[in-house]
Amino acid sequence: MTTPALLPLSGRRLPPLNLGASAFPHHRATLRLSEKFILLLILSAFITLCFGAFFFLPDSSKHKRFDLGLEDVLIPHVDTSKGGKNLGGFLIHGEEEERLRNKIRADHEKALEEAKEKLKKSRDEIQAEIQTEKNKVVQELKKKDSKPLPPVPLPNLVGINSGEPADPDIREKRNKVKEMMKHAWDNYRQYGWGHNELKPIARKGHSTNIFGNSQMGATIVDALDTLYIMGLHDEFREGQEWIDKNLDFSVNSEVSVFEVNIRFIGGLLAAYYLSGQEVFKIKAVQLAGKLLPAFNTPTGIPWAMVNLKSGVGRNWGWASAGSSILAEFGTLHMEFVHLSYLTGDPVYYNKVMHIRKLLQKMDRPNGLYPNYLNPRTGRWGQHHTSVGGLGDSFYEYLLKAWLMSDKMDTEARKMYDDAIEAIEKHLIRKSNGGLTFIGEWKNGHLERKMGHLTCFAGGMFALGADGSRDDKAGHYLQLGAEIAHTCHESYDRTTLKLGPEAFKFDGGVEAVAVRQNEKYYILRPEVIETYWYMWRFTHDPKYRQWGWEATQAIDKYCRVSGGFSGVKDVYSSSPTYDDVQQSFFLAETLKYLYLLFSNDDLLPLDNWVFNTEAHPLPVLHLLNYKKYCLLIFPFEKNAYIQQEKKS
Ligand code: DMJ
């Protein structure tokens, strides 16, 4: 029999299957062999399918059934296929046939062995392998997804490695603060690494719902820039490595948009500007992309929370009438301007400018901004106004937007001036004992209570003094000093010399907490923040003195062998701990203390603006990068034109 050359598997060249075998006797064998070949093909497909099922169905009961199937069903088929001179329509030599048969047998046996090997592994090992494979795929997809970021002219990054004080006493105090930072970091490193925060007494990780249910290393990200300016470079590198390898935002986790913005995006951007390490910029941009779905509301006012994976947003259950919170949606501007600047993508800038434009159009009761705004209806919720919790950083960011633009964003400055005029008129009072305080406005009534959070305002007034309306710089600096004094009193009137969460000016009580649940101190920074700003603007040594008192009190009453903890009652001589080392203790409290005992050339305020989590961001003098920036920040056009007219 002549053996034709091997033919390609083309339908036209194969004999039609419905032809009678007797009519073409030599085709009878061909058909039988074709059937076998098809059978083999089906078997191969079945094995492939089973392997697929093995890898993608983690249920072990399925693995076992599959094992039986392979041995019982497949092997006999492979072993008994003997004889025949034609495979799949190809006529082949006996030797060739044998070689192919052996190869198929070997392949199947190898596959079977591999399957058996797999099944010897424990469920955990198999799951780990599946996870590794999945991660590889995710990484590949990410690589494809992430567009390279454009080269950007870098702003003036001065005063990153300066600040060493000449005075040995001040140097010693600064070193003490650095040692406290090391204690906080080392313990977190040892007991809470990768978790959001540390429980310094239980010596394990800690988290709260603001970070969702994932371990996102909040303390690492929040602490980076403090480590950097303190010269703790090994620790900084450890943090960088963790972020590079582990910080992943594709997690099914519902986080606070505000907290993630101020701690993570702010922290990553500051770390990028200080160190120049690209990884921080890339992570910040990746994370920002995950926050954007929060803005998908009927008004563009973002939800308080967003699920990083699904992009579904919602508001806090406790907020008035389903509202978003002023201090949350109003504390995005600084970071989002920098994101647009670094990516060349106006999307971030447009989101925050949209919020601003919407607020500008709204009526304000007594010129005050209520804390609650419904993102569906665009209407205010309860008419509560506060310069403390729920309102605070909105005002701060109006001022800082202006400063960060090198004073070109005059619209923000005007909004700030209008707001603080109304605040001064309706919320700021002097107590009988002569202490200036900022109360809370609730439906037309002033509550004579001030929060620890509100104490940041002393620093804000001082920072905004220069450039204030009607040349009231002296007035605002004085107001800052009065708030600093009141807040110092709130510390000084306690047993531990640490400030309570809230204090009253009512019924003979002055700067003292009345309710038990307002007597705690959770390592907050606001009072020390105000001391630092006041120090920078006045160089009055009392601010360093007050800062040192606070340093000693924290070291004495909050330090435990496993880190630093908040205390539940600052009026008790034997306080109990809350067992939480807040990430803002490393980001803010210790940073402000360190800056207080440093020279002013460390992060000078003409070049850096601190976000509300104390992450320094450089001033963006957009006029220097006109061509680049006009495309991204179209709203700034007017400011450019005015500026050019002036010069
Ligand atoms: C910080 O996360 C920020 O300062 C925020 O603006 C409000 N307060 C905490 C620390 O107290």
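Computed from the coordinates by the stated procedures, all read-outs in this text should not be read as laboratory data. Predicted, not measured: the structure shown is a model, and the values here were computed from it. Backbone-built Cβ (ideal geometry, glycine too); neighbour counts: all protein chains shown.
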Quick calc, LYS414 & VAL152: beta-carbon distance into FRET formula, R0 35 Å, rounding 0.05, result 0.75
Of the listed pairs LYS199/LYS568; LYS173/LYS556; LYS361/LYS425; LYS182/LYS556, those with alpha carbons more than 18 Å apart are LYS361/LYS425
Inter-part gap, Cα centre of segment 517-565 to Cα centre of segment 260-314, in whole angstrom, is 30
Toy charge model, Lys and Arg Cβ at +1, Asp and Glu Cβ at -1: segment 351-459 dipole around Cα centroid in debye, rounded to 20, equals 280
Rounded to the nearest 0.05, FRET efficiency between GLN382 and LYS120 (Cβ-Cβ, R0 60 Å) equals 0.40
With ALA481 itself left out, Lys, Arg at +1 and Asp, Glu at -1 over residues whose Cβ is under 12 Å from its Cβ give -1
Any aspartates and glutamates whose Cα falls less than 17 Å from that of LYS504, other than same-chain ones fewer than 8 residues away, would be GLU440, GLU447, GLU482, GLU489, ASP492, GLU518, ASP569
Karplus ³J(HN,Hα) for segment 582-588 (6.51 cos²θ - 1.76 cosθ + 1.60, θ = phi - 60°; Hz, whole; x = Gly/Pro) runs 5, 5, 5, 5, 7, 6, 10
Taking R0 as 45 Å and r as the Cβ-Cβ distance between SER561 and SER250, the FRET efficiency 1/(1 + (r/R0)^6), rounded to the nearest 0.05, comes to 0.75
Relative contact order in percent for segment 457-513 (Cα pairs under 8 Å, 6+ apart) equals 25
For 207-213, 592-598, ranked highest to lowest by mean beta-carbon neighbours within 10 Å, the order is 592-598, 207-213
Once LYS542 and HIS475 are pulled to full extension, the length gained, defined as 0.36 nm per residue separation minus their Cα-Cα distance, is 22.2 nm
Phi angles of segment 194-208, converted by Karplus (6.51 cos²θ - 1.76 cosθ + 1.60, θ = phi - 60°) into ³J(HN,Hα) in whole Hz with x for Gly and Pro, give x, 6, 6, 9, 10, 9, x, 8, 5, 6, 8, x, 9, 8, 10
Sorting VAL260, PHE295, GLY239 by the position of each Cα along the dipole of segment 208-348 (Lys, Arg +1; Asp, Glu -1; all at Cβ), the one nearest the positive end of that ordering is PHE295
Measuring from its Cα centre, segment 295-383 shows a charge dipole (+1 at each Lys and Arg Cβ, -1 at each Asp and Glu Cβ) which, in debye to the nearest 20, is 240
For segment 284-410 the mean separation of alpha carbon contacts under 8 Å (6+ apart) over residue count, i.e. relative contact order in percent, is 26
Sorted by chain and number, the residues with a modelled amide H under 5 Å from that of TRP608, at a separation of 5 or more or across chains, are VAL619
Sequence order, segment 399-410: Karplus ³J(HN,Hα) from phi using 6.51 cos²θ - 1.76 cosθ + 1.60, θ = phi - 60°, Hz rounded, Gly and Pro as x, gives 5, 6, 4, 5, 5, 5, 8, 6, 6, 8, 7, 5
